[in-house]
1. Could you go through region 197-210 and let me know if any residue there is over 22 Å from the mean Cα position of the chain (by Cα), surrounded by fewer than 22 Cβ atoms within 10 Å (Cβ to Cβ), touching a residue at least 40 places away in the same chain (Cβ under 8 Å) and under 15 Å from residue 176 (Cβ atoms).
2. Does residue 195 satisfy the criteria of being out of contact with any helix residue (DSSP H, G or I) (no Cβ under 7 Å at 6 or more places or on another chain) and either within 17 Å of residue 154 (Cα to Cα) or part of a helix (DSSP H, G or I) (or both)?
3. Checking residue 72 against (1) out of contact with any strand residue (DSSP E or B) (no Cβ under 7 Å at 6 or more places or on another chain); (2) in a helix (DSSP H, G or I); (3) within 23 Å of residue 145 (Cα to Cα), only one condition comes out false. Which one?
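Here, each number is a calculation from the coordinates, and none is a lab measurement. Small disclaimer: the values here were computed from a predicted structure and weren't measured. Using ideal geometry, Cβ is built from the backbone for each residue, glycine included, and neighbour counts are taken over all protein chains shown.
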């Protein structure tokens, strides 16, 4: 008896129906009509009560499996893209960071072209994406999914990139080091990528100043090279040169070499000025 009990895996005895992350293993029957599966998933995701957060997490992961299985043809869904986005939007308002992360991931898989992206922005989901980036409560998983979704938006159509999300990325890049934010380098990298594809939205939100400030803050030569190359690329083309303000951005990077009274920050002591 003891030998047979010892031979069984302890994990299966301790917790059935859940995986290591706590997500409930919600069955998904791919032989059913896709519209029936979508209805079950969306109903459980949208229910305010009666469905546990870990079960919602399981349904959101099933949503991605179903989407990858049947493709992105709207007529197979049984719902319009707008209806699906409205239900997924509720996941970004959930109190559990795991559910919010799964909702961001589901949206990333859903956005495949400019048409879907326009519908996402029309329903103001960008405000919730920005909120997920701004929250800093030991939820790197959620913020990582938010940044991956942001990069997907840039890939699909950078000209539609929302200013709300740009503001959040630039804020993290500007003040992230002081806040000990672990996402600061990822945010700056995305700002650089966006600056190459949509320099107008970055310039109008002060993103170029953030890039050059990061050059002064960072001690890694390869990162500095990438940051400077982004600005030089904009300066090298007549159409994008207008976005680099000589009296603001360029003075910032030249100040350590030309200003005898330069202070890297307000806390720099007089004795450290050389």
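1. no
2. Considered against the rule, which asks whether it is out of contact with any helix residue (DSSP H, G or I) (no Cβ under 7 Å at 6 or more places or on another chain) and either within 17 Å of residue 154 (Cα to Cα) or part of a helix (DSSP H, G or I) (or both), residue 195 comes out as no.
3. (2)
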